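First up is the structure itself, then whatever we jot down about it.
The values are calculated or read from the model by the stated rules, or taken from the named source; none is laboratory data. Everything quoted here is computed from the prediction, not taken from an experiment. Quick reminder, even Gly has a Cβ in these numbers, built from the backbone with ideal geometry, and neighbours come from all protein chains shown. Ligands, DNA and RNA are excluded from the accessible area calculation, which covers all protein heavy atoms including side chains. Shrake-Rupley method; radii C 1.70, N 1.55, O 1.52, S 1.80 Å.
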Amino acid sequence: MSCLSHIATHHQQPTHKLTAFFLKCVGLTWSGAPLLVATRNIIGSGIFISPKGVLEHAGSVGLSLIVWVCGGGICALGSLCYAELGVTIPKSGGDYSYVTEIFGGLVGFLLLWSAVLIMYPTTLAVIALTFSNYVLQPAFQNCLPPFIATRLLATICVLFLTWVNCSSVRWATRIQDIFTVGKLLALVLIIVVGLVQIFKGHYDALVPSVAFEFSQDPSFGQIALAFLQASFAYSGWNFLNYVTEEVVEPRKNLPLAIYISIPLVTLVYTMTNIAYFTSMTPEELLTSNAVAVTFGEKLLGMFSWVMPISVALSTFGGINGYLFTSSRLCFSGAREGHLPYLLAMIHVKNCTPIPALLVCCIATVLILCIGETHNLINYVSFINYLSYGVTIAGLLYLRKKRPNLARPIKVNLLVPITYLIFWALLLFCSLYSEPVVCGLGMVIMLTGVPVYFVGVHWKEKPKWIYILLERVTYLGQKLCYVVFPQEDSSETEPLTAKAID
């Protein structure tokens, strides 16, 4: 049997069986604990990266704290919309699956294209650069770590974790569990020390008359960029929808996870920023290359080494987690025929998605070589918000086109409308303030249009193209020792997912 025939046979398996098999292989089998996963996915390395950018664009301590609180509120609105979509269209894959189902292949492909080329690799690059900065900063206390050194260490970290994820599911999941401790340790330590400082009376920067002293005239454009910086820390609130098919009692557990996890994360992030301002002036925070390290040096004395180690552990685990999730999205795209089937294949013995991991690793290393952390955050956050808005607009479109569709969860229309109003203002102001950075993301997304029509929509390709694809796929299978996942080859049925008219 030829390689393409082999792939096609496996590709005809029931979608839910493929999903369940893949999740079992990569260690994501659901056990009915969405609250824990939602909270762990949101609370990530971004809180050690974004405070500087939020303060820089907000222009004052008071407004930056308002941005953090409102950012959590916006995430809550978006999460409620995603909860409705998750139980109305019970397919794993999140934004990509919903948009493909509602608007059709082209729009879904553009979201997938931007995620594979922009969202995941750029997020990985930012977290990897943060890891290298926190590791190297103690050795360069009076200056910034060398550019080459930070990039080299970040690249080594990404390559190592890609190798781990390719080699063993067990190793990858254990790294995720163990290194989560570093993230929680750092945040708990910062908040507790900050509260002690407040009780001692060290809160001058938080007094309203001082907190709202602006270093620059506030503008809608700068406030929008502050929200983009904060949204990077909150990213992950939609990850629960990537495995909706495996959530136990989604009608009950999805809203519960949202109602508890989003306010909890918002509280943690706000308290962390308040703690920063009990030890640093706004000027000191803006000049710091590693905010948590500066915080530790000022307040922890001989134990200041705990902070860079904790943050390094957190960011290390964050890179591992994003590598984990990126392979899940590639699987969803490949099963819909929007990506090469090779990206949905897993190692014969280890059940690891090696081709998908290698693609994400290569894209991340390329971005590491050309990007700067602050601009990368604006770049990826703009594209993230763009995809969120398109997805939630799909909810309204679905309400109009399919009013009688079963909706176990149905949010008030004011929720998606409020989100979309904020979304439109944010994107417009961000594009106006940072036309190059934000516009570049849109251009890269739109390059997916010709790719879609040539690679996906064009069905009657010349025979030599199919032969070439077959040989490339066969070569990839031999190099990576991968096959398409299969539970029971005797159970086959065609995929029937179509766009809603």
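Results for (1) modelled with pLDDT of 90 or more; (2) surrounded by 12 or more Cβ atoms within 10 Å (Cβ to Cβ); (3) closer than 25 Å to residue 383 by Cβ, shown as yes or no for each residue.
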site	(1), (2), (3)
427	no, yes, yes
460	no, no, no
473	no, yes, no
478	no, no, no
483	no, yes, no
492	no, yes, no
498	no, no, no
Criterion (out of contact with any Lys or Arg (no Cβ under 9 Å at 6 or more places or on another chain) and either farther than 29 Å from residue 428 by Cα or buried (at least 23 other Cβ atoms within 10 Å of the Cβ) (or both)) met by exactly one of 389, 333, 318: 333
If a residue counts only when it is under 22 Å from the mean Cα position of the chain (by Cα) and within 30 Å of residue 147 (Cα to Cα), which helices (runs of 4 or more DSSP H) contained entirely in the range 362-457 have at least 3 such residues? 373-401, 435-446
So, in the range 301-334, how many residues would count as being in contact (Cβ under 8 Å) with a residue 40 or more places away in the chain and not in a helix (DSSP H, G or I)? 1
Evaluate the range 335-348: report whether one residue or more is closer than 30 Å to residue 133 by Cα and either of a type in the set (D, E, K, R) or assigned to a helix (DSSP H, G or I) (or both). no
Taking the range 194-208, which residues are aliphatic (A, V, I, L, M) and either open to solvent by 90 Å² or more (accessible area, probe 1.4 Å) or in contact with a Ser or Thr (Cβ under 8 Å, 6 or more places away or on another chain) (or both)? 198, 205, 206
Mind counting the residues in the range 155-183 that are at pLDDT below 90 and surrounded by fewer than 15 Cβ atoms within 10 Å (Cβ to Cβ)? 6
Look at residue 366 and say whether it is open to solvent by 10 Å² or more (accessible area, probe 1.4 Å), within 24 Å of residue 422 (Cα to Cα) and among the hydrophobic types (A, V, I, L, M, F, W, C). no
Name the residue, out of 74, 127, 118, that is closer than 30 Å to residue 410 by Cβ and out of contact with any Leu (no Cβ under 7 Å at 6 or more places or on another chain). 74
Quickly run through the range 306-315 and pick out the residues that are open to solvent by less than 10 Å² (accessible area, probe 1.4 Å) and more than 20 Å from residue 123 (Cα to Cα). 307
In the list 82, 134, 120, 98, which residue meets the criterion of being in contact (Cβ under 8 Å) with a residue 40 or more places away in the chain, open to solvent by 10 Å² or more (accessible area, probe 1.4 Å) and of a type in the set (Phe, Trp, Tyr)? 120
From 266, 272, grab the single residue that is among the polar types (S, T, N, Q), in a helix (DSSP H, G or I), modelled with pLDDT of 85 or more and open to solvent by 10 Å² or more (accessible area, probe 1.4 Å). 266
Between a residue in the range 474-489 that is closer than 15 Å to residue 359 by Cα and any residue that is at pLDDT below 85 and in a helix (DSSP H, G or I), which pairs come within a Cβ distance under 8 Å, given they are 6 or more apart or on different chains? 477/3
Residue under question is residue 373, and the condition is that it be of a type in the set (S, T, N, Q) and either at pLDDT below 85 or out of contact with any Leu (no Cβ under 8 Å at 6 or more places or on another chain) (or both); does it hold? yes
Since residue 414 meets every condition but one in (1) surrounded by 13 or more Cβ atoms within 10 Å (Cβ to Cβ); (2) under 21 Å from residue 78 (Cα atoms), which condition does it not meet? (1)
Which of the residues that make up the range 47-79 are assigned to a helix (DSSP H, G or I), aliphatic (A, V, I, L, M) and within 18 Å of the chain's Cα centre (by Cα)? 47, 74, 76, 77
Any residue in the range 278-286 that is open to solvent by 10 Å² or more (accessible area, probe 1.4 Å), modelled with pLDDT of 85 or more and among the small types (Gly, Ala, Ser)? yes
